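Here is the structure we will look at, set down as C-alpha cells.
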Amino acid sequence: DIVKNWYDKTLGTPYEGTEPPELYHRYVGHDNNRDWYAFTQVETQLTVDKIHNVWHPQIVHDIHQQGANGARLFLPPYMAPVEPNVPKQIVDGYTELGTYMADTMRKIGYQGITTNSTYDAWTPARAYSHYHGGVRILSETASAKLATPITVKFDDLRAGLGHDAKKESANFGPVWKGGEWKLQNITDYMTTAAFGLMFHAADNRERWLSRFYDIGKEAVRPRGKGELSAYLLPMPKEDARGGPSAEFFRRKELMAMLHRAGVEISYIGKSFVHQGKTIERGSAVVRIDQPYGNFAKALLERQVYPDLKDLNGNPIPPYDVTAHSLPLLMNVEAIPLSDSLKAETLPDYPTHTGACSRGPGSPVDAIYRSAMSSMDEGWTRWVGEKQLEVDCKTILKTVTANDIRSGKLPENSIVFPDQSANQILNGYAKGSMPDEYTAGVGKEGVENLRKFVEAGGTLVFLNRSSNFAIEHFNLPVKDVTRGLARKDFFIPGSILRTELDLTHPVAKGMPQQSIAWFENSPAFEVGQAVSLSPSGNQRVDGNEVGQTNSLSYRIIARYPSDPKQILLSGWALGAEKIAGKAALVEFTIGKGKIVLFGFRPQYRGQSLATFPLLFNAISQ
C-alpha cells in the first residue's frame, strides 16, 4: 500500500517511480528480511509460527528485486562463505535446484542470468529454512522504476560481485544487450523461475524428501566423546531485592527465540556440581543432538568469518553482516559442553512473569525522523516502544527537520539514529524528490540544536550520525576510521569488545567489559585534555576526563589497547587502527550534553547488552 500510494501520487510527475520517503515496513524497512532468528517483528513471528513450523517445507522460494543496471536475474548457488552450521545436503540442494532453474531459463531464451555471485549464505538472519531441513532459493530480478518502464543502455550495465553484466562467463550469461526493461519483464522472469522450481520439485519428489530425512537423521545423531554436545545457560542470580535480575529477562528473551524456532530446551531440576562449578536449579540445557540443534549452535557460538580477499588484496565484503552470536549481543552466559550432564532435567521451568517487566526506562523525548527514511530510525523507535515503558505505556515523540529548523524542540533529549551527516544536514538532493522532502536541518537547524544543548538539552548521536555532531558542533574529536583504505581497515558488522568507565551515569548497571556492534562505524580520538578535576588531575577514579576548546568531555567506553582483544565475533581487518580509541564519548556544552555512540547500541532490536547505555544516555 505504501509503495502503491506513493507511485500513484507521483505518477506523471518528475518523481514518478522514485522510492517512497518512508519505510515500507512501519519500523524496520527491508530489515524485515534480516529477522529470521531474532523474530522481533510480528510478520516474522506469524510466518514462522503459521507456515514454516506447520508445513516444514523442503524448498522455500524467496522472491526479491535488485538494482536495474546489473544482471537480469540472480539464482543460487550462493557465493562463499557458507555458514558452517548449514548442512552439506542443503548446499547440494540449492546448488542443484538453482543451477537447474538458471539452465532451464537460458535454454528458452532468457538472458542476463547469474549464479554463484553477489549473495552469500552466511547469516541465519536471512535463511531460517537452511537450519530447518529446507533450501532457500533466493531469486533477485532487476527492477524498473517501480511500475514505470526504463531504458538501460548496454554501456550502463555494471559489474557486480562475482560477475560482469557485460561479459559472458561460467556463471553469467547469455549477455543481455540492454534496452527497455519493464514490469512485464520482471514478472516474466519471476514466474518462469518459480515454475522451473516447481517442475524440479515435482520431478524429484523422492530425492527432496530423502534429503530432508538425511538432514534430520544426522541432526539427532548422538554426539561422541569430545564433540560439542550441548550449551548450558546458567540460571542468573537474583537481584538485590530477591527478584529476577535483568540478566534473567535477557536470557528469557534468548530462549524464547530458540523456542520459537523449534529448539528443545530442558532445565536443571536440582542443583549439582559439574567440573567444580555449581549448576543452579533452573539452568537451561540446549542439546545439539536434536532436529534443530544446528540452528541453536549457529546462534550460541562465536563466529569466525573467513579472511576473504580478492586478487588485489581487497577484502570481499559479506552480503550482510558477519556476526550473530546472541549470548554476546544479549549479555547472556552460554557455556559449550563436550561431555554429558548427569543431572535431573525438567521439560519446562516456571519463570517470573509480570506486567511491564521488559525493563525500566524514561520516555524518549524525541527521535529524529529524516525526510530520507532510515531503517535505524525505525529500529530505534521499535526498541523504544518495546523497552521504554512508563506505567505500561510508551511515550515517544518524533522531531523532523522542519521542527528543528523552526525551533520546535522537546524539553530534554533528541536521539539521532544511524544516518550520514549529509542526509541529516541536507535531506534529499534538490530536484530528486518533491520540495517538501529536500530540506534537512540546515544551518538554522544546527544553530537551534546548539542553543538546545547550551540551555540544558541532550543530543544523542548513534553510529554515523556522530559525524554530523563532530562536523557542525566543532567538537574536538576525530573519527580515526575516516579515509582509511578498505584493504587496511574493514569491520563489516561484527561484535567488538569495549571497556567501560563504570563511574559514569551512562554506564550505570553495566559490566566493566561490554560490546559494540561495529558496522560502518566511527572510532573517536579526542583532543588534548587539560585538567577538569578539582584536584588538578587529568583522571577521575582512573578514567579519562578532559577539557579542550572550552568543552569538557568524558570517555565512557573505549576499545582495548591490545588489538588481539578487540574482536569477539565476526571479522575485523585492521583492528589495530581503533585499539585504545573511544567508542562512546560525552561532551558537556553549556548546561547540556552531546553523547556520541561509535556503534549501534540498539542494533536490529538484538543488542540487549547495550540497550542500557542508550537509555541511560537519554535519561541521565
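The values are calculated or read from the model by the stated rules, or taken from the named source; none is laboratory data. Just so it is clear, the model here is predicted, and its values are computed rather than measured. Here the Cβ is made from the backbone with ideal geometry for all residues, glycine too, and neighbour counts use every protein chain on show. The area values use the complete protein model at the heavy-atom level, side chains included, leaving out ligands, DNA and RNA. Shrake-Rupley method; radii C 1.70, N 1.55, O 1.52, S 1.80 Å.
Taken about its Cα centre, the chain carries a charge dipole of about 440 debye when Lys and Arg each add +1 at the Cβ and Asp and Glu each add -1 at the Cβ. Average 1/r across all pairs of distinct alpha carbons in the range 220-268, invert it, and you get the Kirkwood radius: 13.0 Å. Restricting to the chain, what percent of DSSP beta bridges are antiparallel, rounded to 5? Bridges in the chain that DSSP calls antiparallel: roughly 70 percent. Normalised by 2.2 N^0.38 Å, where N counts its residues, the alpha-carbon radius of gyration of the range 161-292 equals 1.81. Radius of gyration over Kirkwood radius for the range 58-166, both on Cα atoms: the Rg/Rh ratio is 0.99.
Taken over the chain, the alpha-carbon convex hull comes to 177 cubic angstrom per residue.
Straightening the chain between LEU311 and GLU218 buys 29.7 nm, computed as 0.36 nm per residue apart minus the Cα-Cα spacing. The simple Förster model, with R0 at 60 Å and r as the Cβ-Cβ distance, assigns SER169 and ALA240 a FRET efficiency of 0.40. Take the Cβ atoms of HIS30 and ASN402, set R0 to 30 Å, and the FRET efficiency comes out at 0.70. Across all Cα atoms of the range 377-532, the radius of gyration (one decimal) and Dmax (whole number) stand at 17.5, 51 Å. In this simple spin-label model, placing a label point 7 Å from the Cα along the Cα-to-Cβ direction at both LYS153 and ASN474 gives a separation of 4.7 nm. Evaluated on the range 169-235, the Kirkwood hydrodynamic radius is 17.3 Å, with distances taken between all distinct Cα atoms.
For GLU247, the accessible surface of its heavy atoms amounts to roughly 60 Å² (probe 1.4 Å, protein chains only, rounded to the nearest 10). Mind checking which aspartates and glutamates have their C-alpha under 12 Å from LYS297, skipping anything on the same chain fewer than 8 residues away? Leaving aside aspartates and glutamates fewer than 8 places away in the same chain, those within reach of LYS297 are GLU83, ASP289. For the set GLU447, GLU499, solvent exposure ranked by accessible area (probe 1.4 Å, protein chains only) runs largest to smallest as GLU447, GLU499. The simple spin-label model puts a point 7 Å past each Cα toward its Cβ; for LYS508 and GLN565 those points are separated by 2.8 nm. As a test question: what accessible area, to the nearest 10 Å², does ILE108 have when a 1.4 Å probe is rolled over all protein chains in place? ILE108 exposes around 110 Å² with every protein chain in place. With a Förster radius of 41 Å applied to the beta-carbon distance between THR588 and GLU333, the computed FRET efficiency rounds to 0.70.
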